[in-house]
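A short worksheet on the structure shown next.
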Amino acid sequence: MDQLASFYHAHITELNRRVAEITQRENLAGLVIHSGQPHRQFLDDMNYPFKVNPHFKAWLPLLDNPNCWIIANGIDKPTLVFYRPVDFWHKVSDVPDSFWTEHFNIQLLVKADKIAEFLPENLADWAYIGEHLDVADVLEFTARNPDGVLNYLHYHRAEKTQYELACLRRANQIAVRGHIAAKNAFYNGASEFEIQQQYLAAISQGENEMPYGNIIALNENAAILHYMSQEHIKPEQRRSFLIDAGASYHGYAADITRTYAFEKNPFSELIEAVNQAQLKIIDAMKPGVKYPDLHIKTHEYIGQILQDFDLVNSGADEALTAEITKAFFPHGLGHMLGLQVHDMGGYSHDERGTHIPAPEQHPFLRCTRPLAVNQVLTIEPGLYIIDSLLNDLSVSAKQWVNWQTVDFFRPFGGIRIEDNVIVHADRNENMTRELGLE
């Protein structure tokens, strides 16, 4: 924690620098950043799980307390208005006392609707950053999530501070522990639901603390890209297991995927082929490389794998030209990672938010900007048997598909291998593998 505290000092210094720069540019006095407030379930007296505003948790690891506010102008010590009501129904959060608290002037808010008493008087000169525009209206903010501010902040979110990199490493370390437990549960005969429970137990995080809902898929369910069902019943025959699961640390996310075969067979060999392609793509990452170029190169590797495993009766080039690889690998190569699983800034060309569109032939790609030092990205090639996509191939393309091989692999569902990678000036840091997950 001492190292984290040291990194945090530089982190908040950088955040203050960014606020000072963008508020001067936008003629603002500063930013008022709202943690958010609870959402009530329809026709009920209970709330949905609270999810904090990512712009708020960029400043401090306060993740579970709604109705908090940060007031920052980039020059003065920022203020944290901390919500601490008098409440005998619920547990009230303790007044913060951690490595980050010395960097804030902390004021206690007892009633959420009294926040105006804590805010600057000249709110017309300040910008509201948050989800609840109705609250901003009541408080009479005139600038609410201004594009110039958000575009600037999102662009710079891609370059992680050393504090953020440390948090991402710890999130990966936690997630790796869960993945190892889930792998063992699969080989020991657990159901999807049981694997999920063992994963959560291993990382000591509840479902509401997770950065996203885990994908725990056995057999043909692995072909469903966002499979969320988690069957309680164990399959009669255990063939394959795809797990896409993460973890959180101080608000930063890990996002890791692995695929396993229950026994040695052609599917286990296919997994290893996708694994080797993924490692080659990671080796090709370096500052200045355009992320779409890595995605297109991945399709070339997938085309070769389709040929090598007799999934197509054509060469790899023909599989690309006929867009057969897109039926087997229909999603993007990956995305930026940080405060959000799909972190902001992946399409930003500059601080003004100039958009870099995804290639027309690959519209699902979530990152289009060139790689740079201290960016963190996922690399997650896949290969699936998705009948609806294969059926949509052109008549000529279908002639290139070896349907007998497709039939063989269909019960296994699909494959995805995903690591979390930091781009450095002279190397890539594959956090996922360096922290123990092969």
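To the nearest 0.05, how large is the calculated FRET efficiency for residue 159 and residue 394 if R₀ is 35 Å and r is the Cβ-Cβ distance? Result of the calculation: an efficiency of 0.25.
Pairs of C-alpha atoms in the stretch 1-131 farther apart than 24 Å represent 31 percent of all such pairs. Taking only protein heavy atoms and a 1.4 Å probe, the accessible area of the stretch 1-41 is 46% carbon and sulfur. With contacts taken as Cα pairs under 8 Å at a separation of at least 6 residues, the stretch 253-324 carries a relative contact order of 22 percent.
Over 18 Å apart at the Cα level, from the set 57/160; 77/114; 183/234; 183/264, are 77/114.
With contacts defined as alpha carbon pairs under 8 Å and 6 or more residues apart, what's the relative contact order of the stretch 45-177 in percent? It comes to 15 percent, rounded to a whole number. Comparing Cα centroids, the stretch 119-174 and the stretch 259-278 end up 42 angstrom apart.
In a reduced charge model with +1 at each Lys and Arg Cβ and -1 at each Asp and Glu Cβ, the stretch 201-353 shows a dipole moment near 200 debye about its Cα centre.
Shape class for the stretch 82-223, computed from the alpha carbon gyration tensor (a ≥ b ≥ c): prolate, with a/c not under 1.5 and a/b above b/c. Taking Lys and Arg as +1 and Asp and Glu as -1, the other residues whose beta-carbon sits under 15 Å from that of residue 372 total -2. Taking every DSSP bridge with both residues inside the chain, close to 75 percent are antiparallel. Among [x] 31; [y] 47; [z] 41, only one was calculated for this model; which label is it, if the read-out is percent of Cα pairs over 33 Å apart? Of the labelled values, this structure produces [z]. Note on residue 398: lysines with a C-alpha under 25 Å away, same-chain residues under 8 apart excluded, are 297, 326.
PRE reach from residue 374 (point 7 Å along Cα→Cβ): which of the stretch 424-438 fall under 16 Å by backbone N? Only 424-427, 429 pass the distance filter.
Using the 1.4 Å probe convention, the accessible area of the chain works out to 46 Å² per residue with neighbouring protein chains retained. Each Lys and Arg contributes +1 and each Asp and Glu -1, all at the Cβ; summed about the Cα centre of the stretch 139-270, the dipole is approximately 420 debye. A simple rule links phi to the HN-Hα coupling: the Karplus curve 6.51 cos²θ - 1.76 cosθ + 1.60 with θ = phi - 60°, which for the stretch 325-334 gives 4, 5, 6, 8, 10, x, 10, x, 5, x Hz, with x for Gly and Pro. Each Cα pair under 8 Å and six or more residues apart adds its separation to the average, and for the stretch 1-100 the resulting relative contact order is 27 percent.
The calculated FRET efficiency for the pair residue 117 and residue 232, based on their C-beta separation and a Förster distance of 45 Å, comes to about 0.30. The residue list 195, 225, 132 was ranked by how far each Cα lies along the charge dipole of the chain toward its positive end, using unit charges on Cβ atoms, and 195 comes out on top.
Overall, the accessible surface of the stretch 112-220 at a probe of 1.4 angstrom is composed of carbon and sulfur to the extent of 46 percent.
The values are calculated or read from the model by the stated rules, or taken from the named source; none is laboratory data. A quick note: this is a predicted structure, and the numbers were derived from the prediction, not measured. FYI the Cβ positions are ideal-geometry reconstructions off the backbone, even for glycines, and counts take in every protein chain you see. Heads up: the accessible areas ignore ligands, DNA and RNA and are worked out on the full protein's heavy atoms, side chains in. Shrake-Rupley method; radii C 1.70, N 1.55, O 1.52, S 1.80 Å.
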